[in-house]
1. Looking at this structure, is T272 out of contact with any helix residue (DSSP H, G or I) (no Cβ under 6 Å at 6 or more places or on another chain) and surrounded by fewer than 24 Cβ atoms within 10 Å (Cβ to Cβ)?
2. Name every residue in region 189-212 that is of a type in the set (G, A, S) and surrounded by fewer than 23 Cβ atoms within 10 Å (Cβ to Cβ), in order of residue number.
3. Report, ordered by the first and then the second residue, all pairs with beta carbons closer than 6 Å, sequence separation of six or more or different chains, a first member in region 163-192 that is under 17 Å from P432 (Cβ atoms), and a second member that is modelled with pLDDT of 95 or more and part of a helix (DSSP H, G or I).
4. Taking the criterion of being within 30 Å of D286 (Cα to Cα), touching an Asp or Glu at 6+ places or on another chain (Cβ under 9 Å) and not aliphatic (A, V, I, L, M), would at least one residue in region 460-471 satisfy it?
5. Do we have any residue at all in region 180-187 that's modelled with pLDDT of 50 or more and part of a helix (DSSP H, G or I)?
6. Tell me which residues, restricted to region 549-576, are assigned to a loop (DSSP other than H, G, I, E, B), of a type outside the set (G, A, S) and buried (at least 19 other Cβ atoms within 10 Å of the Cβ).
7. Across region 594-650, what is the total count of residues that are farther than 13 Å from N579 by Cα, part of a strand (DSSP E or B) and among the β-branched types (V, I, T)?
8. Limited to region 210-250, what total is found for residues that are modelled with pLDDT of 90 or more and in contact with a helix residue (DSSP H, G or I) (Cβ under 7 Å, 6 or more places away or on another chain)?
Amino acid sequence: MNSRLVVAVLLVILAASAAALGPLGTDLDSPPTESLAPQSALGSAQPSEDNATRAVESTSSAQTTTSNKSVPVPSPSSSTKPQSESNETVQPLGPRITGTDSFNRSNASQSRAVVYNGTTQRVVNESSTQEHSVAPASSLDNPGSLTSSSIAGSLGARAQPANDGIIGTDDRVSVGGTYDGLQYPWTTIAQLQVTFQDGSQGTCSGVIIDVGDKPSAHLLTAGHCVYDEDRGGWIDISDQSATYVAPGAIKGQEPFGRVGIQNVTTYSGWTTNENPAYDIALITLDERIGRETGSVPYAGIDTPSSDVYTHSPTRVTGYPGDKPRGTMWTAEGSGVGTYDYVPTSSEPEDVTHHYTLDTTQGVSGGPVWVESYPTYDGPTLVSIHAYAVDLDSDGQTDVTQGTRITERRSTQFREWADRDTVISPENDQYEPNDDFISATPIATSDQLNDLRIADGEFDVFAVDLTADDRLTATSRFDHMEGDLDLILYSSSGDPVTWSMTRTDDERITHTANQTETYYIAMYGHESASASYSLTTAVESSAVENLTAQREMNATTVSPGDTVSVTVYAETSASSADLNLRESFSAKPAALSVTDNRSADSVSTDDTEITVAWQETTSAAITYEVTVPENSSSTTRYNVTGKVINTRTNTSIDVTGDTTIQIVTGCEYPSYSGSDCTVGALGLLDAAADYRSGALGPKELLDIAASYRSGDPIQAQSATNKRN
């Protein structure tokens, strides 16, 4: 038979403690020379260890506390979950591969979900009948250079000592040394520690994925990290001290602790045939750890020729076994296409992803995502890493390989996740806000209700204070439900003042000695849980000068006319969010904004206009008011307005022009202007006509009264129609 297969070497080698499999490139029967550590996926900026090591210091500020209570600091190190032990030595995992003839089975049978809950295995017949687009079988020009003999035996792939996953120069970099590993998306990468039924142990990598509305409790990894026939089949998830997930493990630390496994799901194509194209698994965790770590989105793509598989940069991240334990490493490169294990089937699931990313044992199960891809918002997962590939049988790694996430698999992951029941403590809408980084911003004067502390966690809120501002924060709760405490931290994370009584409610006050961000934290003493509310109030150090003025281009108009109105607002505050509300006493024919002057939001109804500006100290808006054609001379349109700085809760009424008067005709047009009001010249003319007998005394008195008051003199018999 013509040679055409892939020599695939699984990057995460699993070894029994009694018959340990060493890193690729060593004799399979020899013991490992190094302990293996978890490694994470891609990242952002240089991490800070401050939060994990900061000591609590008392301050001179006033505080309320009771004996036997110490002031905690919300940081990754405050987790009560067990941390990694320095003397652990485990082996990276590696799957078995069979000959290609065993892959020639129907895609439907290989795509069945096989679920293991620790005691029972069940095969799920998927109800989905989603159709898939069918594209060319492979995007590689020369798949024939692969030889089937390289993977014919159960250990054939491991028998290539130099095919270690490094392509030429080793380009891997430490996430902890190059990026801030405590930031997203690195926090979504996890180390997987497993023990199989025969007692053998190993490590893999994985990634927490976004599978719906709730915070994620699901991790993608390689199928051979959870099922190996030669090691008794499924991993043992009953003992959480031997099999667990450590999300975001970085620099030898486990900032999110360890999470147990509820069940694992993979494909029958892996458990039955050990088909590398089906080497992928979904792990359901015991808790929704994604609320703390975040989760990575993924793309379901059927078409092997999609340019996502040749995109650069493409990145893989995980925990390699040749690096210090607990360290996360990442490699950047480009995709080189895809390879079809069963070209006669034209099934998307039979096609794998090839790329030029350096990997070694322990990285199996790690995420392969694309960055800066035009249609994706941020890093997007496209496959799960599993193998090193020797294309020309020279013993050297040419490409590395991952299991693709197709459209069908994308749907299945969500269906599998929907079947799970993950019990997690009840919490509130502001989660995650368990530390300084994820703190919820609040206003200096705010009221937050329906809050909850679950299992002793922290809730942290950030508030910006100016020097000499006096903050009062009050938390109300029922002490019988749970013992909650209230603490204020400075921007550097040091406790400033606190209230830690054993009664209902807690209150703190503090005067800021400089302008900075402070952190208000609630937490449950001795893992208490309770509902609470939080109120903040600030007495500002400076008196805000807020002004608002209204100008109309006309205050006296005829029926059907339009008046242009401009409102100006300005504050002396250093920063402000301004809101304007203008209300009319009667309904105009039309009310519309003509110039919003870069307002962030504008809304109008029959008699009201509401405008909002953010991050500004001055604002203006122009709108038009059209009076109805049938307005009478007795109609007045009175307008009232108010401007509020929502940051300081300072408000002021709008001053200036306030009334639009309707005129329908003038009683004495010879002596008045178009608005029917009498000026000085009109009064002089009326006096002259009175002396000559052309004007009677009553008329002169009316004209003189209009002159003194400024009110118009409208015709008594005028109609409501404009001439």
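1. Yes, satisfied.
2. Listed by number, the residues that qualify are G199, G212.
3. W186/V175
4. yes
5. Within region 180-187 (the criterion being modelled with pLDDT of 50 or more and part of a helix (DSSP H, G or I)), the answer is yes, since at least one residue qualifies.
6. P559
7. 7
8. 7
The values are calculated or read from the model by the stated rules, or taken from the named source; none is laboratory data. Here the structure is a predicted model, which means the values were calculated and not measured. Every residue, glycine as well, gets a Cβ built from its backbone with ideal geometry; the counts of neighbours run over all protein chains shown.
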